[in-house]
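Enquirer: Take this structure first; my questions come after.
Derivation of every value follows stated rules applied to the coordinates shown; laboratory data play no part. A quick note: this is a predicted structure, and the numbers were derived from the prediction, not measured. Counting neighbours? That spans all protein chains shown, and the Cβs are built from the backbone with ideal geometry, glycine included.
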Amino acid sequence: MCNRCFRLAIEIARLHEITLFDYQIDMLKVVGNCIVLGGRQIGKTMVTALKALSNAIIHTKTTTLIVSPSLRQSLHLFGYIDQFINIDPLKVLIERKSKTELRLINGSRIISLPSSSNTIRGYTAHLVIVDEANFIDEELITRVLFPTLSTTKGHLWLISTPYNKDHIFYQIYASTSNSNSWHKFRIPSSMNPLISKEFLTMQKQSLGIYYKQEYEAEYIDDHTDIFNISKIILDTDLQLDINTIYIDVGGYSDYMGILYCHKKGNLLYVLDEYQGQGQYLDQVNNQIVNKGINPNQNVSIVVDSTGVGKGIEEYLIQLGYQTKGISWTRDNQRNAMIKLMHAIQNKQLFISSKCLMLIRQMREAVFKAGKLTTLSGTDDLLYALMLAYTDSTKRHAQILY
Ligand SMILES: Nc1ncnc2c1ncn2[C@@H]1O[C@H](COP(=O)(O)OP(=O)(O)OP(=O)(O)O)[C@@H](O)[C@H]1O
Ligand SMILES: [Mg+2]
């Protein structure tokens, strides 16, 4: 950032009575490309807004693009920009403003876009900032965003919590060959003076391995030994009824995984498992019937309804089972993973020692490319288990149908 931009950014913060943290000041001093690997809540998004605004004010007739993974996140970021400019003496600089675009009277504009937007192509930009860059399709960064800067000699800022090593964000961050052209930062959440040690200790206890990714700015990709499995194996057979069934349907050549569970409040007991090849409708019904379950019993079924699973969801609904379909997205998968970790840490999950294949998949679990899988690649029962930790508020809504 040029010296004038830097001084203006500091002044905008001061006008809003914000004392920037040292690392935020260091980020704002950067002239050139910048990559920041950070923990949660360190003020990444806020500093991004300051950077964008001060740059647009100082450098006339420039375009700044800010890209976030989702519409919600791009609106959040733009909220900061809106708040920062809406103060005297800056207000007078506004020419036009919408929820995602700010035009200044000096001819500059700032546009905040979700990465899903198909209108990103075609811009020429002087500064591009990508918030949570590691979560964005890397082709968007390399094929769409890089070229917007080609004629302007503009700069790129990539900021993110860690997610996926198999991604341009990590390649740039880890590369030593291009280190001259990139200013690099790694900022764990503990560097934020407003985050207490007690809070971090609590989060560490409840997030397990995810803590590293969320707060320590460390990748957990390639990490094995994720679950402390011995703690959650139940040797004695509890006489519990099956009241919830989780089904991971899998593709045509994959395995289908079924977990028969007893769910009571926060507690989940996995009582039995089934793993079979193919995912034929009758096969699913037979497995459930073989367990002595019929649609009149109060048993809920949760099924991965992505792709071929949709058919199985509809079939089970037709048979009269209380069925809820879940479509995996990167976001809800990550949330389910965090909740699963939380349940394990808090001793809310028990797995019967009968469930040999699930136990094996949990022992072999590994993070690869930001995703949970197993060393062998067979992860159907693990994903069936994750279904238990998807958003419970949606369940009731769907059961009504
Ligand atoms: N220097 C600062 N002084 C006081 N509060 C700050 C400062 N920087 C950021 N904050 C506040 O800290 C909170 C987190 O900021 P921000 O959303 O920018 O962080 P983030 O790293 O993007 O978080 P997340 O990981 O959730 O995306 C916000 O409430 C923000 O207003
Ligand atoms: Mg943020």
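Enquirer: Counting only residues 5 or more places away or on other chains, whose amide H sits under 5 Å from the amide H of residue 129 once H atoms are built in the peptide plane?
Expert: Those qualifying (amide H under 5 Å, at least 5 residues apart or on another chain) are 65, 66, 67, 157.
Enquirer: Starting with the highest mean, order 13-20, 142-149 by the number of other Cβ atoms within 10 Å, averaged over the residues of each peptide.
Expert: Descending packing order for the listed peptides: 142-149, 13-20.
Enquirer: Can you pull the one-decimal nm distance between simple spin-label points at residue 176 and residue 266, each 7 Å off the Cα toward Cβ?
Expert: Taking the two extended label points, one gets 4.6 nm.
Enquirer: For residue 351, what residues show an amide H to amide H distance below 5 Å, using hydrogens built from the backbone and excluding near sequence neighbours?
Expert: Residues meeting the amide H criterion: 233, 234, 270.
Enquirer: Let me ask another. Which lysines have a Cα less than 21 Å from the Cα of residue 51, not counting those fewer than 8 places away in the same chain?
Expert: List returned: 29, 61, 91, 97, 99, 153, 184.
Enquirer: What FRET efficiency would be calculated for the residue pair residue 222, residue 138, taking the C-beta separation as r and a Förster radius of 25 Å, to the nearest 0.05?
Expert: According to the calculation, E is roughly 0.85.
Enquirer: Can you give me the long-range amide H partners of residue 301? Hydrogens built in the peptide plane at 1.01 Å from N, cutoff under 5 Å, separation of 5 or more residues or another chain.
Expert: So residue 301 has HN proximity to 245, 322, 323, 324.
Enquirer: Straight-line reach from residue 347: which lysines have a Cα under 23 Å away, not including same-chain ones fewer than 8 places off?
Expert: Candidates past the 8-residue exclusion: 204, 212, 231, 263, 264, 339.
Enquirer: Mind checking the alpha-carbon convex hull of the chain and giving the volume per residue in Å³?
Expert: Dividing the Cα hull volume of the chain by its residue count gives 161 Å³.
Enquirer: Hey, could you get me the Stokes-Einstein D for segment 229-399, Kirkwood radius over alpha-carbon pairs, 25 °C and 0.890 mPa s, rounded to whole µm² s⁻¹?
Expert: 154
Enquirer: On a full-extension model of 0.36 nm per residue, what is the gain between residue 318 and residue 71, subtracting their alpha-carbon distance, rounded to one decimal in nm?
Expert: Additional length available on full extension: 85.4 nm.
Enquirer: How many percent of DSSP beta bridges within the chain run antiparallel, rounded to 5?
Expert: Beta bridges within the chain, antiparallel portion: roughly 40 percent.
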